[in-house]
Amino acid sequence: MTDPCTPHLSRRTFLEGAVAASGALLLPRWARSEEAALSQAARKGIAESPLIYVSPLRGDGSESACHGEVWFVADGTDLLVVTTEDRWRAVAVTRGLESARIWVGDFGPWKKSDQFKSGPSFVAKVALVSKDAPEVERALNAFGAKYPDDWENYGPRFRNGMKDGSRVMLRYRPPGA
């Protein structure tokens, strides 16, 4: 007799999983590619825009009422953001909400206009980056290069905040990445 608390892999469960996994392999290459998941407009916005707009997604998939325009840097296909640990985008991650809608482009302050919602967007997976991770220093240097006019003021805030825990780094992974 098997223990009811121990998961049991039946032939049916195994076959269902095998069929689902093999079905993904049968998709045409273009359907599995990043190009299929992230629009050209979104790619262009990521390459050219100084800002992204972020809205954490609730457990039911709906957008949070909290939106905000933020600085970002690219790390491969991922987007990195530094924010204070008490902002909703950071709190949402610590509460287990792992998705966010990202709009790309510069549409001005979100509180003055919801024009950003007309821009290209995608849903990204989000995770906290450990303050000791090797990409932190690389990302902070990239922020300095991307925002040189403001980095003298914000650079120490970002660096010190990452060290003392008052700021966190978030990694947004686009679909297909």
(request) Let me know the shape class of segment 54-177, please: from the alpha-carbon gyration tensor, a ≥ b ≥ c as square roots of the eigenvalues, rounded when a/c is under 1.5, otherwise prolate if a/b is greater than b/c, or oblate. (result) prolate
(request) Would you tell me the accessible area of residue 69, worked out with a 1.4 angstrom probe on the heavy atoms of the protein chains, in Å² to the nearest 10? (result) 60 Å²
(message) Modelling each spin label as a point 7 Å along the Cα-to-Cβ direction, I'd like the residue 138/residue 164 distance in nm, to one decimal.
(response) 2.8 nm
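Could you order 94, 83, 77 by accessible surface area, starting with the largest, using a probe radius of 1.4 Å?
On the way: 94 100, 83 5, 77 60 Å².
The ordering from most to least exposed comes out as 94, 77, 83.
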(request) Report the extension gain between residue 150 and residue 130 in nm, rounded to one decimal, defined as 0.36 nm multiplied by the number of residues separating them, less their alpha carbon distance. (result) 4.7 nm
(request) Return the distance in nm (one decimal) between the two label points of a simple spin-label model at residue 62 and residue 85, each offset 7 Å from Cα along Cα→Cβ. (result) 3.1 nm
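The values are calculated or read from the model by the stated rules, or taken from the named source; none is laboratory data. Because the structure is a prediction, the values reported are computed rather than measured. Note that each Cβ is placed from the backbone with ideal geometry, even for glycine, and that neighbours are counted across all protein chains shown. For the accessible areas, the whole protein counts, side chains as well, though only heavy atoms, and no ligand, DNA or RNA atoms are used. Shrake-Rupley method; radii C 1.70, N 1.55, O 1.52, S 1.80 Å.
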